[in-house]
Amino acid sequence: MIVRAQRFYRVHRHLPRIARRTITEETPKIIPNEGIIPSAEVPATEAQETRHVAEMREKLELRKKTIESLKAAVQKPFSDIQDQVSEAQVPANEVERPLSEVHWALADGYEVGGHLEHGKGPLNRHDQKGLPTWGDWGICVKIIGIGGPTASTVLTLPNLWLRDNCRCATCVNQDTMQRALDTFSIPTDILPQEVVTLKEGIQVKWSNDGHMSLYPWDWILRHRKKTGIPISKEEKQMRVDPYKYWGTEIESNPPSVHYDEIMADEKGVGAWTAKIREYGFCYVDECPVTPEKTQELLERIAFIRQTHYGGFYDFTSDLTMKDTAYTTLALPAHTDTTYFTDPAGLQMFHLLSHTDGEGGASLLVDGFNAARTLLKESRSAYEILAKTPIPWHASGNEGITITPAKKFPVFSFQDLEEGKLPKLLQVRWNNDDRGVVRLREDYGMGAEKWYRAARKWNEILKRPAMEYWAQLMPGRPLIFDNWRVLHGRSAFRGKRRMCGGYINHDDYVSRWRNTNFTRDEVLSQIL
């Protein structure tokens, strides 16, 4: 009984005391460690009460401002919020500090030709100068970015990862840039024998076979786990959104490049692909009005993709292929080839002629801009279109039934990074080619939610402020990124002759890289 009583006492002795006090409508008074009680219980002077009321009003005003700022933040696109967070973490007057004699990003204490110490155990992680040691855990390096010493961090480079990524001529075929080292021949417990800091990078002599590896500092920094704080002005600049978003206002100054510039040299192709990359579309001025010259122009970027429509196409509205594109009907804003696992990347249209009729204005909508608008106005609708898998198909022609290898949502994203908001990679939208949305999907998704979200998306796409209408003209081909820009047209009468073709997205991006950056810069982006 004694034990039970003690247990009961231990459980209940900490319960808060409930005071029986008279409830009044007088101004509450805050008493330290007691909470809020009626002021009638604690007499106060008029000056104290006045000061208390002023303090309460100040706190309420501060809370009100905080709530308003949070509401404003929620209404902004996620990318804008992320930019503000990054800016807030990096002081405007970036902290200046003495540059290391080895590399600007390294902490003080590293020396050119200096040997990093081997830590004998988990309790021996730093040397006498405070620099990280190396051991079973890998090679550790202390870096300091533009945020100053307070933004320092220690990078841990695992030994097996380092050995597998040696870029020397023995480990990588310098002609093909393919790995020549057998990854699985590396001992899992491999250790360095010697680690030296050089101007060029970290030099490692491996204990198992004496192989020498050199890892450039910039390469090490590029492959570190990124944080919210950039470590250099260059890295900060790389986080700037590369896209220019647009709506109907683009009509006043649409991007264009002259045909002769593109055909002259690689610099012209670079200017062309850079504008496609930035705006999602571009015109070509003064192109000869022939299918042959148009095909040569398109192939300046890459080879033309073959589909069930053929390769380079030259067609009229005669329903040669069973698709509404081969009619005179109006087409709403859509992306092409949603039914391929890998939809076409670029698409070109060149109007060669339009006789005995009128109409057929072309419509472009910046899908990325529309998606940003959806995110701002309805985050739930954005998430539903990003998560609900949709079946797409092409089955109008005899003997052809094409569907993707799996169902894809309307929005697809780039690689997810911890602590960062996902960046939109692709819009896949053609309501005419859409299959049946399942009544129930995983993660709470399903038809009812999808229809509500899709209705909102469709409404945004059809806003006049989003639509750019233009009449195609002979001699002025249009090319656009089919992963970003939706296209359509108004109905027309008469006979139109159109030519063009598709290019794979990966091939287009490769061409953009190699005509806008040096070979070393390109390799540094992907290796």
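On the basis of the beta-carbon distance and an R0 of 45 Å, Thr170 and Asp241 show a calculated FRET efficiency of 0.65. Sorting the segments 297-304, 182-189 by their mean number of nearby beta carbons within 10 angstrom, highest to lowest, gives 297-304, 182-189. Basic side chains Lys and Arg get +1 at the Cβ, acidic Asp and Glu get -1 at the Cβ, and with that the dipole of segment 208-367 about its Cα centre reaches some 1080 debye.
How high is the FRET efficiency from Glu448 to Leu329, r the C-beta distance, R0 25 Å, rounded to 0.05? Plugging the Cβ-Cβ distance into 1/(1 + (r/R0)^6) gives 0.25. Legend: residue pairs Lys205/Lys226; Lys199/Lys226; Lys267/Lys420; Lys226/Lys462; Lys236/Lys267, Cα-Cα distance threshold 32 Å; pairs beyond threshold, Lys267/Lys420; Lys226/Lys462.
The convex hull around the C-alpha trace of segment 163-206, projected and averaged over every direction, spans 3.5 square nanometres.
For the peptides 371-377, 470-476, the ranking by mean Cβ contacts within 10 Å, running from highest to lowest, is 371-377, 470-476.
Start at zero, step by 10 Å, and the Cα-Cα distances of segment 414-471 spread as 16, 34, 37, 12, 1 percent across the bins.
In the complete set of protein chains, residue-level accessible area for Asp108 is approximately 110 Å², probe 1.4 angstrom. Taking Cα centre as origin and charging only the Cβ of basic (Lys, Arg, +1) and acidic (Asp, Glu, -1) residues, the dipole magnitude of segment 331-412 rounds to 560 debye. Between Asp415 and Asn208, the C-beta separation translates, for a Förster distance of 35 Å, into a calculated FRET efficiency of about 0.60. Among 261-268, 421-428, the peptide with the highest mean count of other Cβ atoms within 10 Å heads the list, and the full ranking is 421-428, 261-268.
Dipole magnitude for segment 461-505: computed about the Cα centre from +1 point charges on Lys and Arg Cβ and -1 point charges on Asp and Glu Cβ, it is near 280 debye. Ranking Lys293, Lys406 by solvent-accessible area of protein heavy atoms (1.4 Å probe, all protein chains present), from largest to smallest, gives Lys406, Lys293.
The values are calculated or read from the model by the stated rules, or taken from the named source; none is laboratory data. Predicted, not measured: the structure shown is a model, and the values here were computed from it. Neighbour counts run over all protein chains shown; Cβ positions are idealised from the backbone, glycine included. Accessible surface areas use protein heavy atoms only, side chains included; no ligands, DNA or RNA. Shrake-Rupley method; radii C 1.70, N 1.55, O 1.52, S 1.80 Å.
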